[in-house]
Ligand code: FAD
């Protein structure tokens with residue numbers, strides 16, 4: 001039984017680890033070069049909040065201790081108003097529950113290394129899927145050496161929000177998709193360490209709620225913070241000069257300015273990412289081709305659950321294979337039936353949390369409500 005996984009990101013690499021434990025022959029096809037030796041792309045979400053949902057999957061493949069060794073637990077939100085004192089809001093009444101800031105690159109590399117170390121798993125980098133015949137499992141990849149055609153018994157699309165597998169299934173008339181783009185973009189900035197120490201409290205997820213927009217910051221193991229601006233689409237273009245950028249931050253994010261010496265360079269050179277929710281129906285075809293993770297159901301990042309949710313997909317698919325005696329034809333529809341309701345719920349919650357983070361967390365009423373919930 002040959003399984004092809006398209007995309008060696010977080011979902012694909014984890015999936016390969018799980019399928020290897022079943023004794024399957026798995027090939028990962030990744031359009032990029034090996035991330036363990038290649039340069040990280042500038043300004044592309046360098047850390048993720050990983051919660052118990054994600055850790056559960058890592059625990060099952062024995063990787064949780066390695067990943068958590070460099071994780072930074074964040075036990076609450078730290079609200080930065082325009083003026084006035086910082087406001088720490090714990091995630092739990094006991095104050096000890098946390099989400100973990102984890103480097104996306106390190107997590108991907110750990111998963112990839114674990115996957116290729118497993119019996120039966122191989123990986124082909126610089127292989128970009130360009131054609132798929134989902135009924136027979138025939139794929140064509142564009143590679144630096146030209147086009148390569150391969151076949152597999154099962155094809156799993158773990159190739160992210162802009163999935164080529166999904167696009168091929170769409171062209172075959174097998175799936176319908178709806179991509180709801182948010183009228184917001186995101187851009188990353190950085191706060192370096194100061195004298196070798198964190199410039200802000202590393203035990204919190206920092207939020208600068210500003211009504212219709214916001215900024216967040218998560219700590220990194222090198223004692224820097226990665227900030228992400230979530231602003232209405234188009235508003236990034238309004239600031240074009242160093243003085244204009246500095247003035248804007250001085251007025252709206254005054255405590256950031258002294259902590260971000262590279263602000264202007266980051267702002268002018270880091271890309272603006274798009275945000276959206278992907279709805280796909282169905283997620284599988286012919287009982288042998290399926291979509292998982294962002295390829296099936298990308299969500300906006302405000303609940304910090306996209307990767308966690310993708311990891312749950314992998315655990316559930318593994319469970320479905322257990323429950324069907326390893327029959328892909330039965331496991332894939334079962335996987336979709338069990339997961340769809342959950343992924344639709346998290347997509348809605350992620351959108352709702354944007355309003356909470358950018359606006360409500362700054363309100364005294366919200367704070368009181370949280371205190372009541374915690375008592
Ligand atoms: P991806 O990470 O997109 O990986 C897809 C892989 O497929 C890539 O390696 C890509 O190169 C490859 N690929 C693409 N096309 C092809 C092709 N044609 N052929 C071969 N390979 C291909 N989630 C959380 O849980 N917590 C967070 O805090 C969080 N924060 C986020 C912040 C931001 C700003 C954003 C944008 C997302 C955030 N997410 C977070 C969501 C998380 O990043 C995604 O849910 C997660 O990366 C999905 O993993 P994936 O492997 O399905 O897709």
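Every number here is computed from the coordinates shown, using simple stated rules; none is lab data. All values reported here derive from a predicted model rather than from experimental measurement. Methodologically, a virtual Cβ is constructed for each residue, glycine included, from the backbone with ideal geometry; neighbour enumeration extends over all protein chains shown.
Estimate the FRET efficiency between residue 281 and residue 117 by the formula 1/(1 + (r/R0)^6), using the beta-carbon distance for r and 25 Å for R0, to the nearest 0.05. Could the numbers behind the result be given before it?
Values: r = 36 Å, r/R0 = 1.45.
The formula returns an efficiency of 0.10 here.
With a cut-off of 8 Å between alpha carbons and a minimum separation of six or more residues, what is the relative contact order of the stretch 127-283 in percent? All intermediate terms of the calculation are to be shown ahead of the outcome.
Values: 242 pairs, mean separation 39.4, N = 157.
Result for the stretch 127-283 is 25 percent.
Which whole-number percentage describes the relative contact order of the stretch 99-151, with Cα contacts under 8 Å and a sequence gap of 6 or more? Write out the running numbers ahead of the final one.
Working: 43 pairs, mean separation 10.7, N = 53.
Once divided by the residue count of the stretch 99-151, the mean separation gives 20 percent.
Between residue 329 and residue 92, take the C-beta separation as r, use R0 = 41 Å, and let me know the FRET efficiency to the nearest 0.05. Before the final figure, lay out each step's value.
Details: r = 43 Å, r/R0 = 1.05.
The calculated FRET efficiency here is 0.45.
Per DSSP H run of n ≥ 4, the term is -39500 (n - 2.57); total these for the chain, divide by its residue number, and report the mean residue ellipticity at 222 nm rounded to 500 deg cm²/dmol. Present the calculation step by step, with values, prior to reporting the outcome.
Details: 11 runs with 129 residues, N = 375.
Estimated from H runs of four or more residues: -10500 deg cm²/dmol.
Report the gain in length on full extension from residue 195 to residue 82: 0.36 nm times residue separation, minus Cα-Cα distance, nm rounded to one decimal. List each step's numbers first, then the result.
Numbers: separation 113, 0.36 × 113 = 40.68 nm, distance 2.58 nm.
Once the chain is fully extended between residue 195 and residue 82, it gains 38.1 nm.
Considering only 213, 235, 190, give the residue with the highest GNM mean-square fluctuation for the chain, with springs between Cα atoms whenever their separation is below 10 Å.
Among 213, 235, 190, the largest mean-square fluctuation in the Gaussian network model of the chain belongs to 235.
Just for the chain, what percent of DSSP beta bridges are antiparallel, to the closest 5? The partial results should precede the final answer.
On the way: 51 of 71 bridges.
Antiparallel bridges: around 70 percent, rounded to the nearest 5.
In percent, how large is the relative contact order of the chain, given Cα pairs closer than 8 Å and 6 or more residues apart? Mind dumping the intermediate values first?
Numbers: 755 pairs, mean separation 78.5, N = 375.
Computed value for the chain: 21 percent relative contact order.
What FRET efficiency would be calculated for the residue pair residue 233, residue 177, taking the C-beta separation as r and a Förster radius of 22 Å, to the nearest 0.05? Write out the running numbers ahead of the final one.
Values: r = 21 Å, r/R0 = 0.95.
So, using R0 = 22 Å, E works out to roughly 0.60.
Could you check which residue among 209, 73, 271 shows the biggest mean-square fluctuation in a GNM of the chain with a 10 Å Cα cutoff?
Comparing 209, 73, 271 in a Gaussian network model of the chain, the most mobile one is 271.
How big is the convex hull of the Cα atoms of the chain, per residue, in Å³? Can you show the working numbers first?
On the way: hull volume 55.2 nm³, N = 375.
With only Cα atoms used, the chain gives 147 Å³ per residue.
Once the piece of chain linking residue 65 and residue 246 is laid out straight, how much longer is it, given 0.36 nm per residue of separation minus the C-alpha distance between them?
61.0 nm
Full extension from residue 36 to residue 143: what is 0.36 nm times the residue separation minus their Cα-Cα distance, to one decimal in nm?
On the way: separation 107, 0.36 × 107 = 38.52 nm, distance 1.88 nm.
So the chain would gain 36.6 nm between residue 36 and residue 143.
Over all directions, average the projected area of the Cα convex hull of the stretch 159-285 and note it in nm².
Numbers: hull surface 39.9 nm².
Average projection, Cα convex hull of the stretch 159-285: 10.0 nm².
Pairing the Cα long axis of helix 306-323 with the longest principal axis of the chain, what angle in degrees results, from 0 to 90 and rounded to the nearest 10?
The helix 306-323 is inclined about 30 degrees to the chain.
Express the Stokes-Einstein translational diffusion coefficient of the stretch 1-78 in µm² s⁻¹, to the nearest whole number, given a Kirkwood radius over alpha-carbon pairs, 10 °C and a viscosity of 1.306 mPa s.
Numbers: Rh = 14.7 Å.
In µm²/s, the coefficient rounds to 108.
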